[in-house]
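Have a look at the structure below, then the notes.
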Amino acid sequence: MKFRREISLVVCAILLALAAIAVPAQASLPPIPRMPSPSASMVYPQVSQSPGQTLRIQVLGDSISAPNADGRCWWCDYLDGYLRRVGVTPVWLDRGLSGADCGYTASNEGAWIAADRPDLILLDCGTNNIPIDTATQQAMTGQLQSIISTVHAAGVPLGMSYIGISNPVNISASGAGLPVAEADANIVISQILAGYPSGYFAGIADFSKMPGDLDYLKDGIHQTVPLGALTMASIWYRALRASMGWPDVVPEPCGMWGYPPGGTPPPYTSCVATA
């Protein structure tokens, strides 16, 4: 455990440096922290620091995505840093609300789109739905499909996500039923996504591959800061990069081992660099 936390701190420091907003022009960036490890001289590509595209990003979800004191969520803070590094200036429109389920978002999204005029919408809901039986599963399915239809009708790119899952060994912090409920929510999400063609969404962020231990999810639900939030920001960036035309300068986070229902474990990338 001590070793794991030491590795987590190393990874956190690397990601934090990459996500920093104020960066001198033409500064060298840290080595890519993934296996097989690159040579010590390999750095991230230099990216433009000049003002660029303004992107209005609407965030939908629950407490995981709810705004903090600066008006945007924790992972939004770090995704903001990544985007500014590549010349994109985000305008955050955070509609996340602690305790909200997908039904709350479905009921309000039409009005929110009209008011916010977003260029991109990122959805991360399902933790509070607890779809443990047929009725609750059907309710969550209808809510998500309503959100997808509303966004699609407005012609706005939509990023979807699988929610994070607590490691069952953390039941003292999260409760024994939490991992089951989270997995059930991801089953619903997986079934919905399977019904849409490839390319329908701007990207699919798979937060289920994050380690569900307390280094990343402080209570089995909410991201730690900075490690969990930085990891979520990295996953979002990589999920959206291709469709949004962003450069490939943010690496796949190392140490990921989870996967969504019906999926397969991701290629494991150690956080330990080797010569």
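In order along the stretch 58-72, the phi-based Karplus estimate (6.51 cos²θ - 1.76 cosθ + 1.60, θ = phi - 60°) of 3J(HN,Hα) comes to 8, 10, 10, x, 10, 5, 5, 10, 6, x, 9, 4, 8, x, 8 Hz; Gly and Pro are listed as x.
A straight chain from A153 to R117 at 0.36 nm per residue would run longer than the Cα-Cα distance by 11.6 nm. Listing H222, H152 from fewest to most neighbouring C-beta atoms within 10 Å gives H152, H222.
For the stretch 179-241, the spherically averaged projection of the C-alpha convex hull amounts to 4.5 nm². Per-residue extension of 0.36 nm, minus the Cα-Cα distance of D248 and Y200, leaves a gain of 15.2 nm for this segment. By the count of neighbouring beta-carbon atoms within 10 Å, fewest first, V88, V225, V272 end up ordered V272, V225, V88. Under 5 Å from the amide H of C271 lie the amide H atoms of G255, each residue being 5 or more positions distant or on a separate chain, with H modelled from the backbone and absent for Pro and chain starts.
Per-residue Karplus couplings for the stretch 126-133, computed as 6.51 cos²θ - 1.76 cosθ + 1.60 with θ equal to phi - 60°, are listed in order as x, 4, 8, 7, 6, x, 9, 9 Hz, Gly and Pro entered as x. Under a 5 Å amide H cut-off, with hydrogens placed 1.01 Å from N, T127 pairs with nothing among residues at least 5 apart or on other chains. Label sites at Y268 and V91, each approximated as a point 7 angstrom past Cα along Cα to Cβ, lie 4.6 nm apart.
Every number here is computed from the coordinates shown, using simple stated rules; none is lab data. All values reported here derive from a predicted model rather than from experimental measurement. For neighbour counting, all protein chains shown are included, and Cβ atoms are generated from backbone atoms with ideal geometry for every residue, glycine included.
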